[in-house]
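These notes are about the structure you will find just below.
The values are calculated or read from the model by the stated rules, or taken from the named source; none is laboratory data. Note that the structure is a prediction, hence the values are computed from the model and not measured. All Cβ positions, glycine included, derive from the backbone under ideal geometry; neighbour counts span all protein chains shown.
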Amino acid sequence: MSRTSDEYLRDVPMKSYDLVREGLIALAFVAVLVVALALIFKSPNAPTIRGEDVAKNHPLDYLKTSTDFLTGESALESYGPPYNESRENVQKVLGLAPANILGVTKLIEAQKDFVLGPLERVAILNKDVASALTVWKAAKEEQQKAWTKAYSEALDKAEEASGEVKVAAGDYGPVPVMMFGMLALGRAGLLEGALSVSDTLPYTLDNTKAMLFFQEGPDSDFAESVDMLGNQWGITHEVGNLPGPWWLWPYAIWYQIPPLNESPNADAIVGSLMLLFFLLLLFAPFIPVIKHIPRWIPIYRIIWRDWYAKQEGRSGK
C-alpha cells in the first residue's frame, strides 16, 4: 500500500483473509446444497405449453385462438408499440408514453403472421387448404369479415368430444378448412417452427411470435390456475407450493397495491418507480437531505459497535 493508505488505515484493526479460498468454499457448499435439494424436491417447473399440447388436448381453445387472429379482433391488434401503430392501449406515466418514443420496432401483422403465413406452408402439402386460401384471398374484405364473424360465433357454441370439435353448419366460406389446417399444423408439432421461421438465418433466434400466439388464452389460463398472474404476485410464485424468486418481491409488490393493481398503466408506473428508486440509491451520496440520513439514524454504529467501542475507549484514555 502507499504511504497515504497506511496513514489512513493506521488504527483500523486488520487480519489476513483469503478471499479466493472463502469463495471456493462457499461455492462448493451452495453447489452441494442445490444438488441435494434438487434430488429431494425435484424440479417444480411445469413443462412448456406447446402448440402441439393445446391442439391435441384443447382443440377448441386452439381454434378460437386462431380464429381471433384471422378476424383481426385479437388483443394484439390494439397492443401498440413495439408491435403495431395502435395507440389505444399504450401505457402512460404522467401523460407520457415511453413505448411511443421507441415506436414500432418489431412489426407484427397478426392475421398474416399467425394464420395466413403458416397456412401457406400447410398449403404446399394439403390441396384443400391451398384451395381455401385461394378463395379467401379472392374474396372482398367485407365477405372475409362475415365468414370469420359467423365462424367465431359458431365456435362459442361448438362442442368438443374425444379431441374433436363439432361446429354447427353455416355459411363460413373457406374458414373451417383454414382453421382445421391450423389445427393439423399444431397437432403435428410444427406451429412454433412455422411462426418463428427466419428468412435470413437457417436457425431460430427469435421466438416472439410463438410466445405471443397463446398468451391471451391457454397461457393466461394456466398462469391463473397456478396463481402466477400479475395480480397474483406473478413470477414471484413458483409452480406448486415451493417459494419462488423472493428477490423480485420489491418489484412485484406494487402490482398488489391499489390503485396499481387495477391500473391499465401499471407496467409503465411500476417500471418508472423502480427506476426512480435505483437513481435515488445511485445518487444518494449527492442528494442534500438523503445523504445526511446515516448521521441522523446511525445504524452503522450498531453494526460496527465493537470497533467504535474500541475507538471510544482509546479516546477516553
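Pairs needed: first member in the stretch 233-245, under 18 Å from residue 267 (Cβ atoms) and among the small types (Gly, Ala, Ser); second member anywhere, modelled with pLDDT of 80 or more and in a loop (DSSP other than H, G, I, E, B); C-beta distance under 8 Å; at least 6 residues apart or different chains.
Qualifying pairs under 8 Å: 234/228.
Among the numbered conditions (1) part of a loop (DSSP other than H, G, I, E, B); (2) of a type outside the set (Gly, Ala, Ser); (3) more than 29 Å from residue 96 (Cα to Cα), tell me where residue 306 comes up short.
The failed condition is (1).
Name every residue in the stretch 164-196 that is over 17 Å from residue 60 (Cα atoms) and surrounded by 15 or more Cβ atoms within 10 Å (Cβ to Cβ), in order of residue number.
Within the stretch 164-196, 173, 174, 190, 192, 193, 194, 195, 196 meet the criteria.
Kindly provide the set of residues from the stretch 143-169 that are at positive phi and free of Cβ contacts under 8 Å to residues at least 60 places away in the same chain, ordered by number. Give the steps one after another, and end with the answer.
Kept after step one, since they are at positive phi, are these residues of the stretch 143-169: 162-163.
Answer for the stretch 143-169, where residues must be at positive phi and free of Cβ contacts under 8 Å to residues at least 60 places away in the same chain: just 162.
In the stretch 257-283, how many are surrounded by 14 or more Cβ atoms within 10 Å (Cβ to Cβ) and aliphatic (A, V, I, L, M)? Walk me through it before giving the result.
Of the residues in the stretch 257-283, the ones surrounded by 14 or more Cβ atoms within 10 Å (Cβ to Cβ) are 260, 263, 265-273.
From what's left, aliphatic (A, V, I, L, M): 260, 266, 268-270, 273.
Result for the stretch 257-283: 6.
This table checks each residue for (1) outside any helix (DSSP H, G or I); (2) over 30 Å from residue 58 (Cα atoms); (3) modelled with pLDDT under 85.
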{"residue": "215", "(1), (2), (3)": "yes, no, no"}
{"residue": "227", "(1), (2), (3)": "yes, no, yes"}
{"residue": "231", "(1), (2), (3)": "no, no, yes"}
{"residue": "235", "(1), (2), (3)": "no, no, yes"}
{"residue": "285", "(1), (2), (3)": "no, yes, no"}
{"residue": "293", "(1), (2), (3)": "no, yes, no"}
{"residue": "311", "(1), (2), (3)": "no, yes, yes"}
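Okay, residues lined up against (1) under 16 Å from the mean Cα position of the chain (by Cα); (2) in the same structural domain as residue 96 (by TED's automatic domain parsing); (3) surrounded by fewer than 12 Cβ atoms within 10 Å (Cβ to Cβ):
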| site | (1), (2), (3) |
| --- | --- |
| 237 | yes, no, no |
| 255 | yes, no, no |
| 294 | no, no, no |
| 302 | no, no, yes |
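From the list 39, 19, which one is loosely packed, with under 10 Cβ neighbours inside 10 Å, over 30 Å from residue 314 (Cβ atoms) and at pLDDT below 90? Show your work before the answer.
Values: 19 fails: over 30 Å from residue 314 (Cβ atoms).
Sole residue among the options that is loosely packed, with under 10 Cβ neighbours inside 10 Å, over 30 Å from residue 314 (Cβ atoms) and at pLDDT below 90: 39.
Which residue is surrounded by the most Cβ atoms within 10 Å (Cβ to Cβ), if the candidates are limited to the stretch 85-127 and must be among the acidic types (Asp, Glu) and closer than 21 Å to residue 73 by Cβ? Walk me through it before giving the result.
Initial filter on the stretch 85-127 (among the acidic types (Asp, Glu)): 85, 88, 109, 113, 120.
Next, only the ones that are closer than 21 Å to residue 73 by Cβ stay: 85, 88, 109, 113.
Working: 85: 10, 88: 8, 109: 15, 113: 19.
The selected residue is 113.
Looking only at the stretch 92-115, how many residues end up being touching a Ser or Thr at 6+ places or on another chain (Cβ under 7 Å) and within 17 Å of residue 69 (Cα to Cα)? Spell out the reasoning first.
First pass over the stretch 92-115, keeping only residues touching a Ser or Thr at 6+ places or on another chain (Cβ under 7 Å): 93, 106, 110, 115.
Okay, now just the ones that are also within 17 Å of residue 69 (Cα to Cα), so 110, 115.
Number satisfying all stated conditions: 2.
Please specify each residue of the stretch 201-232 satisfying the condition of being among the hydrophobic types (A, V, I, L, M, F, W, C) and either surrounded by fewer than 12 Cβ atoms within 10 Å (Cβ to Cβ) or more than 26 Å from residue 65 (Cβ to Cβ) (or both). Explain how you work it out, then say what you get.
Filtering the stretch 201-232 for residues among the hydrophobic types (A, V, I, L, M, F, W, C) gives 201, 205, 210-214, 222-223, 226, 228-229.
Matches in the stretch 201-232: 201, 205.
Would you say residue 30 is out of contact with any Leu (no Cβ under 7 Å at 6 or more places or on another chain), over 18 Å from residue 210 (Cα atoms) and modelled with pLDDT of 90 or more?
On the way: out of contact with any Leu (no Cβ under 7 Å at 6 or more places or on another chain): yes; over 18 Å from residue 210 (Cα atoms): yes; modelled with pLDDT of 90 or more: yes.
Taking the combined requirement at face value, the residue satisfies it.
Could you tell me whether residue 211 is among the hydrophobic types (A, V, I, L, M, F, W, C), within 17 Å of the chain's Cα centre (by Cα) and not in a helix (DSSP H, G or I)? Break it down stepwise before answering.
On the way: among the hydrophobic types (A, V, I, L, M, F, W, C): yes; within 17 Å of the chain's Cα centre (by Cα): yes; not in a helix (DSSP H, G or I): no.
No; evaluated as a whole, the condition is false for this residue.
Can we say residue 46 is over 21 Å from the mean Cα position of the chain (by Cα) and closer than 30 Å to residue 117 by Cβ?
Working: over 21 Å from the mean Cα position of the chain (by Cα): no; closer than 30 Å to residue 117 by Cβ: yes.
Here the answer is no, as residue 46 does not meet what is asked.
Working only within the stretch 281-307, note down all residues that are among the aromatic types (Phe, Trp, Tyr) and within 25 Å of residue 13 (Cα to Cα). Don't jump to the end; show me each part of the working.
Step one: of the stretch 281-307, the residues among the aromatic types (Phe, Trp, Tyr) are 283, 286, 296, 300, 304, 307.
300, 304, 307 - these are the residues of the stretch 281-307 that are among the aromatic types (Phe, Trp, Tyr) and within 25 Å of residue 13 (Cα to Cα).
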